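Colleague: Structure incoming, see below.
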Amino acid sequence: MANRSIAFKASSAPAAQEALVALTAAYGQCPVKKASWVVALGGDGFMLQTLHATHSLGLPVYGMNCGTIGFLMNGYSTEGLEDRLRQAEEAVINPLAMRAEMASGKVAEALAINEVSLLRAGPQAAKLRISIDGKVRLEELVCDGALVATPAGSTAYNYSAHGPILPIRSDVLALTAMAAFRPRRWRGALLPKTALVRFDVLEPEKRPVMADADGRSVRDVVSVEIRSEPAVSHRILFDPGHGLEERLIGEQFV
């Protein structure tokens, strides 16, 4: 008998759509509000979308890789899915909350599981002033951009920008610069998870900057505040021995 407690979500990629057909035929399709588990079919980007879309339900999400990158995903198989779900290791992570003020005066808010990034949106480098918990720590950072990453997101954009990989249980955030010009090669900082990080954009008309929270972009920002959001939790499932902690350690010895 088909299992009616699994809600399957799939990206638009052909491989994910084929997996959706095969898995729903084998296990059925449960409405997400009545499900015990959500299974996301796709890559890391779709996993992030699914986590954001389902966080208010408090359901664990188990990813199966049908994309090109699968750091947050498990291997794909149609066999023994119920047993894999019951035996899975759970990681609970808190996202970042972004509050971005635009030149128009409008304010945009968003949550980010991996990172919040500021990027130059024109031909000239961005100029940013960085404050931590209300105290200016860097008067002027001239760069292509800067980001704040969670431990779960530290192997994504942060790592590509030469930021540190953070242990999943560490109560710290990574502040990392992209192509820092002044101070020359400034590599960033490690901050307590409770820190409130504020970026003020200097010369925003001449040097426009955009902000991005897990793919949700805001243009022409003049200031961005970022903090961890302990009131929101995401539950991610991994096959035994392949959890986030193991993946974060293993990534450093590739």
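Colleague: Taking a quarter of the surface of the Cα convex hull of region 126-231, what do you get in nm²?
Modeller: With every direction weighted equally, the projected area is 6.5 nm².
Colleague: May I ask you to evaluate 6.51 cos²θ - 1.76 cosθ + 1.60, the Karplus curve with θ = phi - 60°, for each residue of region 122-128 and list the ³J(HN,Hα) values in order in whole Hz, giving x for glycine and proline?
Modeller: Once θ is set to phi - 60°, the couplings for region 122-128 become x, x, 9, 4, 7, 10, 10 Hz.
Colleague: Treat the count of other C-beta atoms within 10 Å as a stand-in for reagent exposure and order S170, S56 from fewest to most.
Modeller: Least to most surrounded, the residues fall as S56, S170.
Colleague: Calculate for the chain the 222 nm mean residue ellipticity that helices alone would give, adding -39,500 (n - 2.57) per DSSP H run of length 4 or more and normalising by residue count, nearest 500 deg cm²/dmol.
Modeller: -5000 deg cm²/dmol
Colleague: Run the Debye formula on the Cα coordinates of the chain, all scatterers equal and no solvent, and tell me log10 I(q)/I(0) at q = 0.08, 0.12, 0.13, 0.17 1/Å.
Modeller: -0.34, -0.72, -0.82, -1.20
Colleague: While we're here: List the aspartates and glutamates whose Cα lies under 15 Å from the Cα of K193, skipping any in the same chain that are fewer than 8 positions away.
Modeller: The qualifying aspartates and glutamates are E115, D133, D171, E225, E229.
Colleague: Order of M102, M47 from fewest to most other C-beta atoms within 10 Å?
Modeller: Starting with the residue having the fewest Cβ neighbours, the order is M102, M47.
Colleague: Pairs of alpha-carbon atoms within less than 8 angstrom and 6+ residues apart define the contacts here; what relative contact order does region 96-228 have, in percent?
Modeller: Normalised by residue count, the contact order of region 96-228 is 33 percent.
Colleague: If you find the alpha carbon centre of region 76-112 and of region 197-254, how far apart are they in angstrom?
Modeller: 11
Colleague: Divide, for region 1-126, the radius of gyration over alpha carbons by 2.2 N^0.38 Å, where N is the residue count.
Modeller: Working it through for region 1-126, the quotient is 1.26.
Colleague: Also: I need the phi-derived Karplus couplings for region 83-92: 6.51 cos²θ - 1.76 cosθ + 1.60, θ = phi - 60°, integer Hz, Gly and Pro marked x.
Modeller: 5, 4, 5, 5, 8, 5, 8, 10, 10, 10
Colleague: On full extension of the chain, what length is gained from D239 through E205, given 0.36 nm per residue of separation minus the C-alpha to C-alpha distance?
Modeller: The span from D239 to E205 would gain 7.4 nm if fully extended.
Colleague: Pairs of Cα atoms under 8 Å, at least six residues apart: use those to get the relative contact order of region 1-151, whole percent.
Modeller: 15
Colleague: Here is a further query. Report, by chain and number, residues whose modeled amide H sits under 5 Å from the one on R137, excluding near sequence neighbours (fewer than 5 apart, same chain).
Modeller: I130, S131, I132
Colleague: Pop out the ³J(HN,Hα) list for region 36-41 in order, Karplus 6.51 cos²θ - 1.76 cosθ + 1.60 with θ = phi - 60°, rounded to Hz; leave Gly and Pro as x.
Modeller: Along region 36-41, the couplings run 8, 9, 10, 10, 9, 10 Hz.
Colleague: Modelling each spin label as a point 7 Å along the Cα-to-Cβ direction, I'd like the E82/A22 distance in nm, to one decimal.
Modeller: Using points 7 Å along Cα→Cβ, the separation is 2.0 nm.
Colleague: Determine, for E109, E101, the number of other Cβ atoms within 10 Å of each Cβ, and report the residues in order from fewest to most.
Modeller: E109, E101
FYI, it's all coordinate maths here, none of it is from the lab. A quick note: this is a predicted structure, and the numbers were derived from the prediction, not measured. Don't worry about glycine lacking a Cβ; one is built from the backbone with ideal geometry, like all the others, and counts go over all protein chains shown.
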